[in-house]
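What follows is a short report on a single structure.
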Amino acid sequence: MPFGLNPSQVAFYNVVILGLSFLLLFTAFQTCGMVQTDILNHAGLHGVGYNSLAIIYAVFAFANWIAPSVVALLGAKWSMLASAVVYTGFIASFFHPMPGVIFALSALLGIAAAVIWTAQGNFLTMNSSQETMGRNSGLFWAMLQCSLLFGNLFFFLEMRGKDDITTKVRVTVFIVLTAVSGAGVLTFLLLVKPPEEMQGPATIQEFEESSESRANLRDALRAFVRSVKLLFTKEMLMLSITNFYTGIELTFFSGVYGTAISNTHMFGYNSNSYIGISGMLIGAGEIVGGLLFGILGKKTIKYGRDPIILLGYMVHMVAFYLIFYNMPEVSPLQETNDNSYMNPPLVEVAFACSFLLGFGDACFNTQIYSLLGSYFMSDSASAFALFKFIQSSAAAIAFAYSNHLHLQWQLLALVLTGTMGALSFFYVEHHPPQNEI
């Protein structure tokens, strides 16, 4: 064992390094995603930000079908490392933004995203047992969401007191984000081989097949076939409705809501910098949720996963109502001096909703991760790939309509899909799969 650690310590080390790698990489990328629409609008490239995100998630959706095969060929560690390099290149393209280059790199990033998230789910499972899966998924989720704190704090401090995003500000922001992303790339090199003692027989076999298949395309094809079979199981089809909702709300809190806050001039002179505060509060909600329902999962899991999903659903419904009442209808689409039903809109309410959006998202995602890792342990790469396929398909659709629909219609889509998603999760939680694929 490396460093003289026992198997459980090696597994925990890998989970921490995995979380740190994603923390650094997504400090850069999630900040980029939240601010890119506003930054590109100020650069005269209206609509390019939403369209870039739509391309990322559309390609991401379909690339998930090949992602298990790529992970089988390269192994989880090297798949994540190669993908992280692509993320860094995309962020660097904003030094001198050109729509054609951004769109091309967005498509490439969609492929990298599918590979990195499939490999992450696979690697997390290989370093977890039935007893530690909830703790590890919660720890990873909390570390990942810290990225929203650091990146958005930097953007807020950079924009404070400025009413415009100049070329100098944009270049400064993306130099820092590119450097942080590059540090994330290097951190992936610190991952070590997962200890086989932590895994069940099926997971050990999956890991061994992945290692051997680097020179064997038959195993890559087998991974694709297993993904197709898994998708059409009753349990995965039902869970897909929940996954679809997470994609719709991911779009809203990661790309739409911050832009809406920035566009609402009734919030005052610093409304551009408020994207950063909103992002930090979303991250705070994510971290609190990850800590409560992931790291403390041994205490909460005895009541089942569905009470936590119900809590997340209720929190989101409250947030959507307050946003509807507080934000101008056109705020996702353009700068506005319009009032809202609250008359005038209150930035304090907007920030409170940011926290609620993050907390509710953590409720859903920690429980989906826990369920996938427990119910589909022998097909973890395929299960996580399908989760991301459905989620990113929904996100691509949502980013496409975000350029056109007023706020109330986007919120209606969230309410409808959220209700169906919660009910679908309840069904799967109480009807676990009976047969191996």
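The values are calculated or read from the model by the stated rules, or taken from the named source; none is laboratory data. The shown structure was predicted, so the numbers you read here are calculated from the model rather than taken from an experiment. Because the Cβ atoms are built from the backbone with ideal geometry, glycine has one as well, and the counts that use them run over all protein chains shown. The accessibility values were calculated without ligands, DNA or RNA, using every heavy atom of the protein model including side chains. Shrake-Rupley method; radii C 1.70, N 1.55, O 1.52, S 1.80 Å.
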query = Does A72 meet the test of being of a type in the set (G, A, S), more than 15 Å from the chain's Cα centre (by Cα) and surrounded by fewer than 24 Cβ atoms within 10 Å (Cβ to Cβ)?
reply = no
query = Just to be sure, is F425 buried (at least 20 other Cβ atoms within 10 Å of the Cβ) and hydrophobic (A, V, I, L, M, F, W, C)?
reply = yes
task = Considering only the stretch 224-249, state which residues are in contact with a helix residue (DSSP H, G or I) (Cβ under 6 Å, 6 or more places away or on another chain) and hydrophobic (A, V, I, L, M, F, W, C).
result = F224, L230, L231, M236, M238, L239, I241, F244, I248
query = over 23 Å from D38 (Cβ atoms) and either open to solvent by 20 Å² or more (accessible area, probe 1.4 Å) or modelled with pLDDT under 85 (or both) - does that describe any residue in the stretch 97-109?
reply = yes
message = Given the condition more than 19 Å from V15 (Cα to Cα), buried (at least 17 other Cβ atoms within 10 Å of the Cβ) and at pLDDT 85 or above, answer yes or no: does some residue in the stretch 126-147 qualify?
response = no
Any hit, the stretch 395-407, residues being out of contact with any His (no Cβ under 6 Å at 6 or more places or on another chain) and under 30 Å from G304 (Cα atoms) = yes
inquiry  = So W65 ticks every box in (1) hydrophobic (A, V, I, L, M, F, W, C); (2) part of a helix (DSSP H, G or I); (3) open to solvent by 10 Å² or more (accessible area, probe 1.4 Å) but one. Which box is left unticked?
reply    = (2)
ask   = Which of the residues spanning the stretch 158-183 are closer than 19 Å to I282 by Cβ and under 24 Å from the mean Cα position of the chain (by Cα)?
value = V173, L177, V180
ask   = How many residues are in contact (Cβ under 8 Å) with a residue 40 or more places away in the chain, under 30 Å from A11 (Cβ atoms) and assigned to a helix (DSSP H, G or I) if we restrict to the stretch 148-195?
value = 14
key: Qualifying helices (runs of 4 or more DSSP H) (wholly inside the stretch 253-358; at least 2 residues being open to solvent by less than 30 Å² (accessible area, probe 1.4 Å) and in contact (Cβ under 8 Å) with a residue 24 or more places away in the chain)   = 257-263, 274-290, 306-326
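Matching residues to (1) open to solvent by less than 40 Å² (accessible area, probe 1.4 Å); (2) over 20 Å from V86 (Cβ atoms):
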position	(1), (2)
F150	no, yes
L157	no, yes
I165	yes, yes
K168	no, yes
F174	yes, no
T178	yes, no
V185	yes, no
L189	no, no
task = Filter the stretch 111-124 for residues that are under 13 Å from the mean Cα position of the chain (by Cα) and more than 15 Å from L386 (Cβ to Cβ) and give the result.
result = I116
task = Being among the polar types (S, T, N, Q) and surrounded by fewer than 23 Cβ atoms within 10 Å (Cβ to Cβ) is the filter; apply it to the stretch 31-62 and report the residue that is nearest to G100 (Cα to Cα).
result = N51
